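A short write-up of the structure that comes next.
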Amino acid sequence: MARHRYLIALGSNMRHPRHGAPEAVLRAAFKALDRKRLTLEAASRIIASAPQGPSRRRYANAVAIVHTRLRPPRLLRRLQRLEARFGRRPGGMAWGARVLDLDIVLWSGGAFAQDDLVIPHPLFRTRDFVLRPAVQIAGKWRDPLSGLTLNHLNARLTRPRPALRAHPSRTQPRHGGP
């Protein structure tokens, strides 16, 4: 059976009764990703990011690379059980506060789609809180859909944009008529 590599995004913005603050939750999650048929190859630094959606709490975010023989649907179930062990309940408000969120971003098998799982993660290209830590440990990994590396995707997302300028004829005062 083949071994697969996965890029997993981790997020937390709630304290855990045993592990503590969100940063500590992610450190504990890294350890949990290195057990029972999963091997943690690399873990990024933990970064802070602004909340998205209705949550008001800042997030701790990171990414990890894991090796396993599990195919994507089985790994997803495994990650969901891990989230539950950390106190996440099924359902809940989308974009709400959570003790632990684990998402499969990429895998060595390329693109994958089935029922409740799409790889690459459909939104990862627009998420600084995923790409910024991902380039630390997987910058040369390629998005199977665009062919771009994570370094390139991050550069596109974070590059400065020129300020829009008004057309000169609309900014200059008119002379002559009333």
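The values are calculated or read from the model by the stated rules, or taken from the named source; none is laboratory data. Just so you know, these numbers come straight off a predicted model, no measurement behind them. As a convention, Cβ positions derive from the backbone with ideal geometry for all residues, glycine included, and neighbour counts pool all protein chains shown. The accessibility values were calculated without ligands, DNA or RNA, using every heavy atom of the protein model including side chains. Shrake-Rupley method; radii C 1.70, N 1.55, O 1.52, S 1.80 Å.
Here are some notes:
- Considering residues of region 2-12 that are open to solvent by 10 Å² or more (accessible area, probe 1.4 Å) and at pLDDT below 95 only, the residue farthest from V105 (Cα to Cα): A2
- Residues in region 104-135 that are in a helix (DSSP H, G or I), among the aromatic types (F, W, Y) and either farther than 24 Å from S49 by Cα or open to solvent by 30 Å² or more (accessible area, probe 1.4 Å) (or both): F129 only.
- Top-ranked residue in region 136-147 [being without any contact (Cβ under 8 Å) to a residue 12 or more places away in the chain and under 22 Å from E41 (Cα atoms); ranked as surrounded by the fewest Cβ atoms within 10 Å (Cβ to Cβ)]: K140
- For region 84-103, the set of residues classified as within 16 Å of the chain's Cα centre (by Cα) and either at pLDDT 90 or above or of a type in the set (F, W, Y) (or both) consists of W95, L100, D101, L102, D103, listed by residue number.
- Just one of the numbered conditions (1) open to solvent by less than 50 Å² (accessible area, probe 1.4 Å); (2) closer than 18 Å to F124 by Cα is not true of L40: (2).
- A count restricted to region 136-152 and to residues that are part of a helix (DSSP H, G or I) and more than 12 Å from L7 (Cβ to Cβ) stands at 2.
- Count of region 53-67 residues which are surrounded by fewer than 19 Cβ atoms within 10 Å (Cβ to Cβ) and modelled with pLDDT of 90 or more: 1
- Criterion: within 25 Å of R45 (Cβ to Cβ), basic (K, R) and modelled with pLDDT under 95 - qualifying residue of R165, R170, R81, R125: R125
- Of the listed requirements (1) part of a loop (DSSP other than H, G, I, E, B); (2) open to solvent by 50 Å² or more (accessible area, probe 1.4 Å); (3) aliphatic (A, V, I, L, M), A48 misses just one: (1).
- For region 13-27, the condition of being under 16 Å from L100 (Cβ atoms), open to solvent by 50 Å² or more (accessible area, probe 1.4 Å) and touching a strand residue (DSSP E or B) at 6+ places or on another chain (Cβ under 6 Å) holds for at least one residue.
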